[in-house]
Amino acid sequence: MDLLKGKTAVVTGAARGIGRAIAIRFAQEGANVAITDLAVDDNARETVSTIESYGVKAKAFASDASDYGDTDKVVKQIIEEFGTIDILVNNAGITRDTLLMRMTEEQWDLVIKVNLKSVFNFTKAVQPYMLKQRSGSIISMSSVVGVSGNAGQANYSASKAGIIGFTKSVAKEVGSRGIRCNAIAPGFIDTEMTKKLPEDVRKAWTQQIPLRRAGLPEDVANTALFLASDLSSYVSGQVINVCGGMNT
Ligand code: NAP
């Protein structure tokens, strides 16, 4: 299928994990893909060559998504290189888990900056181009814990809840210009982020999932493809849970 043929997508934090799976899924559907990550390392290079194997254009850009000036610069570079941006996936994210009583100001600030401010940075930088072309799809990675909350993740849950408010607001601002803005709320997905958790915590999570397995990055990527493509042409301002039935 060629659901994204001729489109250009930007995926942040896409050297590995969910972002990588989204970038590759988009390429399989004909999109040219710019990926960003903190550094253009071996992971980023491998992701680029996998994307290119589908016969589309790909390039990795080093960019700290939490830095406003850096983001503005990299979006301009992507426009110079690719000519347009049709799809933005705000995927970059981190955790600094601990109970509030132990959480430092630095742990709070960093998670809010990387997870939430990055969404503001990239959406704001990309928006003028989408407004001009009167089309675009913006997808941001929230989390089920942005709605449910989670002990030990007050910073992370707050950042992911913020993404939902941001998404619904921007969808109302730009809908009349043909731009759609949605969020995905993954549940427990098997990536480096969740591999860091102790085995008993991973087991406890899996037991809460009606489908009785962790999600795969590809499960999230297929939902991102739906939101990026015209299959979702009348879907905006929504949050789609990809969580194996957990928390619904
Ligand atoms: P991951 O495997 O840890 O990958 C995150 C990626 O983001 C890495 O490539 C990382 O780069 C990059 N990154 C971190 N800080 C960045 C920054 N300041 N600027 C640019 N890139 C940055 O995580 P994941 O599991 O794929 O998660 C992807 C997104 O889904 C995140 O927003 C996460 O919160 C969300 N999510 C994940 C789950 C889950 O269960 N895995 C559930 C709900 C939501 P480095 O390699 O350089 O560190």
Over region 1-147, what is the relative contact order in whole percent, taking alpha-carbon pairs under 8 Å and six or more residues apart? 23 percent
Can you give the Rg to Rh ratio of region 73-117, both from alpha-carbon atoms, with Rh computed by the Kirkwood formula? 1.22
Diffing region 40-56: the Karplus 3J(HN,Hα) column from phi (6.51, -1.76, 1.60, θ = phi - 60°), in whole Hz with x for Gly and Pro, holds 8, 9, 4, 4, 5, 5, 5, 4, 4, 6, 5, 4, 4, 5, 8, x, 10
Set of lysines near residue 59 by C-alpha distance (under 18 Å), chain-local residues within fewer than 8 positions excluded: 5, 7, 73, 76
Hull volume per residue for region 141-205, using the convex hull of the C-alpha atoms, in Å³ is 85 Å³
Evaluated at q = 0.16 Å⁻¹: base-10 log I(q)/I(0), Debye formula over Cα of region 14-121: -0.72
Check the straight Cα-Cα distances from residue 203 and name the lysines below 20 Å, setting aside those fewer than 8 residues away within the same chain. 195
Give me D for the chain in µm² s⁻¹, whole number, from Stokes-Einstein with Rh from the Kirkwood sum over alpha-carbon pairs, 37 °C and 0.692 mPa s. 183 µm²/s
Amide H contacts under 5 Å for residue 140, placed H, 5+ residues apart: 90, 182, 183, 184
Which order, highest average first, do 98-110, 122-134 follow once you tally other Cβ atoms within 10 Å for each residue and take the mean per peptide? 122-134, 98-110
Cα-based convex hull volume of region 128-248 per residue, rounded to whole Å³: 111 Å³
Just from its helices, what would the mean residue ellipticity at 222 nm be for the chain, if runs of 4 or more DSSP H residues each count -39500 (n - 2.57) and the sum is divided by every residue, rounded to the nearest 500 deg cm²/dmol? -13500 deg cm²/dmol
If amide H atoms are built 1.01 Å from N in the plane of the peptide, which residues on other chains or at least 5 residues away come under 5 Å of the amide H of residue 241? 185
Net charge of Cβ neighbours under 13 Å - reference residue 103; Lys, Arg +1; Asp, Glu -1: -2
How big, in percent, is the set of alpha carbon pairs in region 80-164 lying more than 17 Å apart? 51 percent
Can you give the accessible area per residue of the chain, in Å², using a 1.4 Å probe? 46 Å²
So the FRET efficiency between residue 231 and residue 50, C-beta based with R0 = 25 Å and rounded to 0.05, is 0.60
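The values are calculated or read from the model by the stated rules, or taken from the named source; none is laboratory data. Bear in mind the structure is a predicted one, so any value in this text is a computation, not a measurement. All Cβ positions, even for glycine, are placed from backbone atoms using ideal geometry, and neighbour counts span all protein chains on display. Heads up: the accessible areas ignore ligands, DNA and RNA and are worked out on the full protein's heavy atoms, side chains in. Shrake-Rupley method; radii C 1.70, N 1.55, O 1.52, S 1.80 Å.
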